[in-house]
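The values are calculated or read from the model by the stated rules, or taken from the named source; none is laboratory data. Predicted, not measured: the structure shown is a model, and the values here were computed from it. All Cβ positions, even for glycine, are placed from backbone atoms using ideal geometry, and neighbour counts span all protein chains on display. Side chains are part of the model used for accessible areas, which takes the heavy atoms of the whole protein and leaves out ligands, DNA and RNA. Shrake-Rupley method; radii C 1.70, N 1.55, O 1.52, S 1.80 Å.
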Amino acid sequence: MRQQDMLDVVDDSVIKSPSNPKTRQVKVWDILVRFTHWTVAAGIIANLLFTENGSDLHVYVGYTVVGLVVLRLLWGPIGTRYARFTNFFPTPTRLKRHLSALSIRRVDEQHLGHNPLAAIMMLSLWAVIIGLGITGYLMESHIFSHIQLLGNKDLLEEVHELLANSLYLLVPLHIIAAIAMSYWQRQNLIKSMITGKKTVTDKTSDME
C-alpha cells in the first residue's frame, strides 16, 4: 500500500469516529422548587411595582411570599437531591472550585443544581424577604402598645423600606447573572427553571 493510501485510511477513520460527546437531559428542579421560585418572583414584582404600600393587597402578597420562602426552607433539608441545602450551600471549597471552573469556561459539573454564587444570591433574597415579613408584621400589629423594648415604629418603617429597596438591586442582579451564566456555560438556566431539566454530557454519569 502506498504511503498516500495509508494516509487516506487514517483520515477516513478520524472522520468516521467523531469525538464530540453526546448530550442528554437530566431532571434537576422538582415541582416545588419551580413553583416557589416563580410565585415568589411574581409576588416580589407585584409588591415592588403594582401594589400600594400598606394596602391590604400589599400585606396579603407579602405574607404569601414569606410563606412560600418558609415552605422552601422547610423543603431544604428533606427535598429532592438538588433542592437540599447540603447540595448547594456555598462553602469556601465549593466557591473555589466553582470560580476555577468559570475561569476556563466550562460547566461546573460538581454543582448541576445551584452553584455557590447563585446560592449566595438566593440566600440573600430569602433573608431580605424574611426580614420584610418580620418588619411588616411588627408595623401592622399592636405590639408596640405593649412592648416598648422593640424600639419605635418609625425605625421599623425605615428598616422595612431599606430591605424593600435592596430588592431593586438584588432582583436585576439575579436576572443578569442568570442570563450571563446561561451564555458563559452554554446552558439555558431560565428555561431549566421552567422545565426542571438541564443539559449535560454523557460523561457526567453520576448526575441522574
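Some points to look at:
- Taking label positions 7 Å along the Cα-Cβ direction at both residue 89 and residue 60, the computed distance is 3.8 nm, reported to one decimal.
- Label sites at residue 42 and residue 184, each approximated as a point 7 angstrom past Cα along Cα to Cβ, lie 3.1 nm apart.
- Residue 70 accessible area, 1.4 Å probe, all protein chains in place, Å² to nearest 10: 60
- Candidate cross-link partners of residue 22 among the lysines, defined by an alpha-carbon separation under 30 Å and a same-chain spacing of 8 or more, comprise 96, 191, 197, 198, 203.
- Computed over region 28-110, the Cα gyration tensor eigenvalues convert (square root of 5λ each) into semi-axes of 32, 16, 11 Å, ordered from largest to smallest.
- Heavy-atom accessible area order for 191, 96, largest first, 1.4 Å probe: 96, 191
- Take the Cα of residue 124, step 7 Å toward its Cβ, do the same at residue 96, and the gap between the two points is 2.3 nm.
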